[in-house]
Amino acid sequence: MSKTFAPEEIAKARFKRLTYVRFGGVVVAMVGAAIAADKVALPHWLGLLLIVIGLFDVLVFPRMLVRRWKKG
């Protein structure tokens with residue numbers, strides 16, 4: 001049997017998911033910044049890559065999720 005969810009429950013779950021995605025992106029970008037600033041002994045290119053991935057998670061990916069939710 002499939003459970004029917006109220007629109008308010010769906011909205012709350014989606015808001016949480018967007019918040020977690022953005023927060024994770026900020027954490028990834030901060031780790032990348034620490035690596036790029038030589039605070040962590042890892043390759044500089046890895047820090048730059050993590051910054052780019054983190055920015056994608058903060059700026060682009062949430063918009064992609066919202067667009068997908070509006071379609072389906």
TODO: Please state, rounded to one decimal and in Å, the Kirkwood hydrodynamic radius that the chain gives when every pair of distinct Cα atoms enters the mean of 1/r.
DONE: 13.7
TODO: Over the chain, with every protein chain in place, what whole percent of the accessible area is carbon and sulfur at 1.4 Å, could you tell me?
DONE: 69
Task: Linear extension gain, Val66 paired with Phe23, 0.36 nm per residue minus alpha-carbon span - done: 13.8 nm
Open item on the list: For the chain, take the longest principal axis of its alpha carbons; what is the angle in degrees between that and the long axis of helix 61-71, to the nearest 10 within 0 to 90?
Closed with: 20
Open item on the list: Compute the helix-to-body angle for 44-59: its Cα long axis versus the longest principal axis of the chain, expressed 0 to 90° and rounded to tens.
Closed with: 20
Task: Per residue accessible area of the chain, 1.4 Å probe, in Å² - done: 82
Open item on the list: Compute the helix-to-body angle for 7-36: its Cα long axis versus the longest principal axis of the chain, expressed 0 to 90° and rounded to tens.
Closed with: 0
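The values are calculated or read from the model by the stated rules, or taken from the named source; none is laboratory data. Quick caveat, the model's predicted, so the values are computed rather than measured. Protein only, heavy atoms only, side chains kept; ligands, DNA and RNA dropped before computing areas. Shrake-Rupley method; radii C 1.70, N 1.55, O 1.52, S 1.80 Å.
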